[in-house]
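**Q** The structure under discussion is supplied below as structure tokens; questions concerning it will follow.
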Amino acid sequence: MKNWAGNLEYSSADVRRPDSVTELADLVANSARVKALGSRHSFNRVADTDGVHVLLDALPQQVDLDSSRGTVRVSGGVSYGALCRTLEESGVAIHNLASLPHISVAGAVQTGTHGSGVNNPSLAGAVESIDLVRASGEQVTLSRADGDEFLASVVGVGALGIVTGLELAVRPSFRMRQRVLEDLPWDNALADFTAIVSSAYSVSLFTDYAGDRIDQVWLKALEEEQPLPRLFGATAALRPRHPLPDMSAENCTAQMDQAGPWLDRLPHFRHEFTPSNGDELQSEFILPLEHAPAALQAVRALAGKLAPLLFVSEIRTGAPDEFWLSPFYRQQSVALHFTWKPLQPEVEAFLPALEDALRPFGARPHWGKLFTPDGHDWEKLYPRFADFRSFADAHDPEGKFRNGLLDSILGVPARR
């Protein structure tokens, strides 16, 4: 099996599709090594194993709304696209979505995946409870009332158990409009960065860091919000745009200020569009928002070597949360996302230079994308990192859920 991007082949010796959580628990209890696979949108080996790979698509796929609690309970293998269609039919929504709606809920939450918006937490921010199968086969449900155990487990990078379900907070459905600005001068972007990224519910900037202008700014505004009072020196796009230059916008969500439901505006791409197994790679680094102008200047200084490797880079924001290994842990953040051309040796050779440039700003890599595992001081980046490692050792002393990538980050369990 390969991941969605096709840049890695998994190492598993066996693949299973349990059709019940009880069967899954038995499988976990009796396996020496085991990992779950979701939509396979990770670009590194965070979900790899040399043992048994478990696919969750044969488990009952449930989406159960509890209107009295303002929550929805969803099976871990459900995609955001499928979840959101069901929610919209019931007149409710979740607070934000990633650029692709095709990713699984469990996998996105476990790796700290996010959308954009200075007031919007990552997708994990909606989690009210989480169902896990531990290494022993024990089935547990943790809620916010469970304190540290819950905060460690939600963004757990697969190290604390296999996620079989989540309870997410919902809100009344809402409508949005989307517009695109073009050719934002870099000088204006750096001078007014916070104002620009705060100018709509969700804002994304697309650039290759070369030249003196940012190619596109995508503004996703609530329907009732007033039109953007300033263009910050950019111009309004006169036709729908794709984030990549010269690509058709046919598969992108509607633009040109056309109002529509939240689920058809928050992602960049339509759910009915099935993305091909992607000829691309991805990296992302999340750092404190106040460092954004300096960090962006540091990346721009690398443009000569960076731009030839890029399809495009997306700049987003996110609100703080309390999950121990969330890249947004206790910081208002800016996220610098890099969509690379399928040139893995060249990208991996360049990554240390990019990481060195961002290190002074406390950049935290996205757990599901390409980064250099030994190039980061994890305990400095994550104040609760040592506590998380202790939880992982206690819940999985034999390293059943580990792999080479997690061992390089967390260390090898003492009892392995």
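**Q** List the relative contact order of region 176-375 as a percent without decimals, with contacts defined as Cα pairs under 8 Å and 6+ residues apart.
**A** This gives 23 percent for region 176-375.
**Q** Across region 110-120, in residue order, what do the Karplus-derived ³J(HN,Hα) couplings come to in whole Hz, using 6.51 cos²θ - 1.76 cosθ + 1.60 with θ = phi - 60° and x for Gly and Pro?
**A** Ordered by residue, 3J(HN,Hα) equals 4, 9, x, 5, 8, x, 9, x, 5, 9, 10 Hz.
**Q** Where in region 73-97 does the label zone of Leu222 land, with the point 7 angstrom along Cα→C-beta and an amide N cut-off under 18 Å?
**A** Answer for region 73-97: 91-97.
**Q** So how much slack lies between Ala386 and Ala210, counting 0.36 nm per residue of separation and subtracting their Cα-Cα distance, in nm?
**A** That pair, Ala386 and Ala210, stretches by 59.4 nm at full extension.
**Q** Using a Gaussian network model of the chain whose springs link C-alpha atoms within less than 10 Å, name the residue from Asn30, Asn120, Asn96 with the highest mean-square fluctuation.
**A** Sorting by GNM fluctuation, first place goes to Asn30.
**Q** Evaluate the charge dipole of region 127-281 about its Cα centre and quote only its size in Debye, nearest 20, assuming +1 on the Cβ of each Lys and Arg and -1 on the Cβ of each Asp and Glu.
**A** My answer is approximately 420 debye.
**Q** Straight-line reach from Lys400: which lysines have Cα under 19 Å away, leaving out those fewer than 8 places along the same chain?
**A** Within the straight-line limit of under 19 Å, Lys400 reaches these lysines: Lys35.
**Q** Asp377 versus Glu272, label points 7 Å from Cα toward the beta carbon: distance in nm?
**A** So the two model labels end up 5.2 nm from each other.
**Q** Let me ask something else about it. Compare the Cα positions of Thr194, Ala307, Gly318 along the charge dipole of region 176-375 (+1 at Cβ of Lys, Arg; -1 at Cβ of Asp, Glu; about the Cα centre) and return the one farthest towards the positive end.
**A** In region 176-375, that residue is Thr194.
**Q** Can you compute the helix-only [θ] at 222 nm over the chain? Use -39500 (n - 2.57) per DSSP H run of at least 4 residues, normalise by all residues, nearest 500 deg cm²/dmol.
**A** Roughly -6000 deg cm²/dmol at 222 nm, from the helical runs in the chain.
**Q** Would region 111-210 count as rounded, prolate or oblate if I go by the C-alpha gyration tensor, calling it rounded below 1.5 in a/c and otherwise prolate when a/b exceeds b/c, oblate otherwise?
**A** It comes out prolate by the Cα gyration axes.
**Q** A further question on this structure: Name the shape class, rounded, prolate or oblate, that the alpha-carbon gyration tensor gives for region 1-124, where a ≥ b ≥ c are the square roots of its eigenvalues, rounded holds for a/c under 1.5, and otherwise prolate holds if a/b is larger than b/c and oblate otherwise.
**A** Cα axes put region 1-124 in the oblate bin.
**Q** Separate question: Report, in whole Å, the centroid distance computed from the Cα atoms of region 296-310 and region 323-389.
**A** Rounded to whole Å, the Cα centres lie 17 Å apart.
**Q** Also, quick follow-up: Sticking with the crude label model, points 7 Å out along Cα→Cβ, report the distance from Arg85 to Ser68 in nm, one decimal please.
**A** My value for the distance between the label points is 3.0 nm.
**Q** If the chain between Phe174 and Thr194 were fully stretched, how many nm would it gain, using 0.36 nm times the residue separation less the Cα-Cα distance?
**A** Here the segment from Phe174 to Thr194 would lengthen by 4.7 nm.
**Q** Quote the FRET efficiency, to the nearest 0.05, computed for Met256 versus Leu231 with a Förster distance R0 of 25 Å and r equal to the Cβ-Cβ distance.
**A** The formula returns an efficiency of 0.95 here.
**Q** Now, a different point. Relative contact order for the chain: what percent, with Cα pairs under 8 Å and sequence separation of 6 or more?
**A** 18
**Q** Where the only charges are on Cβ atoms (+1 Lys, Arg; -1 Asp, Glu), what is the dipole of region 63-172 about its Cα centre, to the nearest 20 debye?
**A** My answer is approximately 240 debye.
**Q** Apply the Karplus curve 6.51 cos²θ - 1.76 cosθ + 1.60, θ = phi - 60°, to the phi angles in region 51-63 and return the couplings in whole Hz, x for Gly and Pro.
**A** 3J(HN,Hα) across region 51-63, in whole Hz: x, 9, 8, 10, 9, 9, 6, 8, 5, x, 9, 10, 9.
**Q** Evaluate the distance, in nm, between pseudo-label points positioned 7 Å from the Cα of Ser408 and of Asp356 along their respective Cα→Cβ axes.
**A** 1.8
**Q** In straight Cα distance, which lysines are under 26 Å from Lys220, not counting same-chain residues fewer than 8 positions off?
**A** Cα-Cα hits under 26 Å: Lys369.
**Q** Quick check: Cα centre of region 26-61 to Cα centre of region 83-100, how many Å?
**A** Using only Cα atoms, the two centres lie 26 Å from each other.
**Q** Okay, next question. At 0.36 nm per residue, and after removing the present C-alpha to C-alpha distance, how many nm does the segment from Asp19 to Ala32 gain when stretched out fully?
**A** Stretched out fully, the Asp19 to Ala32 stretch lengthens by 2.6 nm.
**Q** Name the long-range amide H neighbours of Ser12: under 5 Å, sequence gap of 5 or more, or other chain; modelled H, no Pro or chain starts.
**A** For Ser12, the qualifying residues are Thr49.
**Q** Looking at region 1-66 only, what percent of DSSP beta bridges run antiparallel? Nearest 5 please.
**A** Here the antiparallel bridges make up roughly 10 percent for region 1-66.
**Q** What list of ³J(HN,Hα) couplings, whole Hz, do you get for region 240-248 from phi and the Karplus terms 6.51, -1.76, 1.60, once you set θ to phi - 60° and write x for glycine and proline?
**A** x, 10, 9, x, 8, x, 6, 9, 5
We did not get these values from a lab; they are worked out from the coordinates using the rules stated. All figures in this text were calculated on a predicted structure; none of them were measured in a lab. FYI the Cβ positions are ideal-geometry reconstructions off the backbone, even for glycines, and counts take in every protein chain you see.
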